[in-house]
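Structure, as structure tokens:
What follows is calculated from the coordinates using simple rules that are stated; it is not laboratory data. As the structure is a prediction and not an experimental result, all values here were calculated from the model. As a convention, Cβ positions derive from the backbone with ideal geometry for all residues, glycine included, and neighbour counts pool all protein chains shown.
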Amino acid sequence: MIIITGTTGGIGNYLFKTFVQKGEEVIGTYHLTKPVGKEFEHTTQVDITDIKQIELFVKKTQKQLNNITLINCAGITYNSFAHKADLNEWAHVINVNLNGTFYMIHSLLSLMREQNFGRIINLSSIVSQTGVMGTSAYAASKAGINSMIKSIAIENAQKGITVNNINLGYFKTGMINTIPSELQEKIKLKIALNDFGDPENIFKTIEYIRQTPYLTGACLDLNGGLF
Ligand SMILES: NC(=O)c1ccc[n+]([C@@H]2O[C@H](COP(=O)([O-])OP(=O)(O)OC[C@H]3O[C@@H](n4cnc5c(N)ncnc54)[C@H](OP(=O)(O)O)[C@@H]3O)[C@@H](O)[C@H]2O)c1
């Protein structure tokens, strides 16, 4: 069973549809608006910053939850120079991207440990490793999940559970649309492959992680050769 958060978002939506097309059992969650399409009929509303909502979601779906792959796609960004940052917005990014991702993992780990199997895959970002103006909150949140998984991987390695992140560069869907087009063109000049990534690459990387039990505690770069 695959669980995907953020299925209204560009990447989460693509991954959900692709896994359904491949005949996988997938449960999706959304935040504010239910994604459109018949395949999303049974998606559940979950705010990942609310541990009670997550626990209720796990309780309600528990019977279906076997051989779990958790794909944490939900995430937000907030653009501001540090000296001008709104502190509530800054904290909210940390709350969604770091705490929310941790709450999802925390709520499913006991079940994974009982079943001696689990795959946890978080979508992180190249921004956690490079300096990009205006992204202090986002970078800190993604660096947080990159560090966090190292401990969780060690704690659960003997239980058949792997925990990995994908450090995404820039992709053709989702958050990229919040970047002005002139800036998008400048970013492309810093990508060896000279284009934003097709989300199919994310799907293939997730499949590789799912099928590779010796891979854990890793952050894989997927960025078209960003330099
Ligand atoms: N696209 C890229 O190029 C790129 C690059 C690097 C990393 N990433 C990472 O990849 C992931 C997916 O990105 P994306 O481009 O698909 O982003 P997106 O289109 O902005 O989608 C983000 C999703 O997160 C959901 N979300 C926000 N707050 C939430 C909350 N409190 N509880 C539950 N869900 C919440 C949103 O739902 P609502 O809209 O309903 O709030 C939305 O479905 C993110 O973690 C992002 O940081 C993306």
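General remarks:
- Theoretical ellipticity at 222 nm over the chain - DSSP helices of four or more residues, -39500 (n - 2.57) apiece, nearest 500: -11500 deg cm²/dmol
- In degrees, nearest ten, helix 200-210 long axis to first principal axis of the chain (Cα): 40
- In nm, spacing of pseudo-spin labels at PHE227 and LYS186 (7 Å Cα→C-beta vector): 2.0
- Farthest positive-ward along the chain dipole, Cα basis, beta-carbon charges - from SER136, ILE126, ASN165: ASN165
- 3J(HN,Hα) along region 48-57: 6, 8, 10, 4, 5, 5, 5, 4, 5, 4 Hz, from the Karplus curve 6.51 cos²θ - 1.76 cosθ + 1.60 with θ = phi - 60°, whole Hz, x for Gly and Pro.
- Listed by chain and number, the lysines placed with their C-alpha closer than 22 angstrom to that of LYS186 are LYS172; residues fewer than eight positions away on the same chain are left out.
- Cα-only Debye scattering, the chain: base-10 log of I(q)/I(0) at q = 0.09, 0.13, 0.14 Å⁻¹: -0.35, -0.74, -0.87
- Cα-based Lys pair tally, region 1-102, threshold under 27 Å, eight or more apart or on separate chains: 19
- Going from the residue with the fewest nearby Cβ atoms within 10 Å to the one with the most, ARG113, ARG119 rank ARG113, ARG119.
- A Förster radius of 41 Å combined with the Cβ-Cβ distance from HIS106 to LYS204 puts the calculated FRET efficiency at roughly 0.90.
- In this simple spin-label model, placing a label point 7 Å from the Cα along the Cα-to-Cβ direction at both ILE51 and GLU39 gives a separation of 3.4 nm.
- Averaging the sequence gap over all C-alpha pairs within less than 8 Å and six or more residues apart, then dividing by the number of residues, gives region 2-222 a relative contact order of 19 percent.
- Förster radius 35 Å - calculated FRET efficiency between LYS63 and LYS172 (Cβ-Cβ, nearest 0.05): 0.40
- Counting Lys and Arg as +1 and Asp and Glu as -1 over every other residue whose Cβ lies under 14 Å from the Cβ of GLY10, the net charge comes to 0.
- Residues HIS31, HIS106, HIS83 arranged by fewest to most Cβ contacts within 10 Å: HIS83, HIS106, HIS31
- Each label was represented as a point 7 Å from its Cα along the Cα-to-Cβ direction; for ASP86 and GLU25 these points are 4.2 nm apart.
- Cα lying deepest toward the dipole's positive end in the chain, options PHE19, ASN79, ALA192, charges on Cβ: PHE19
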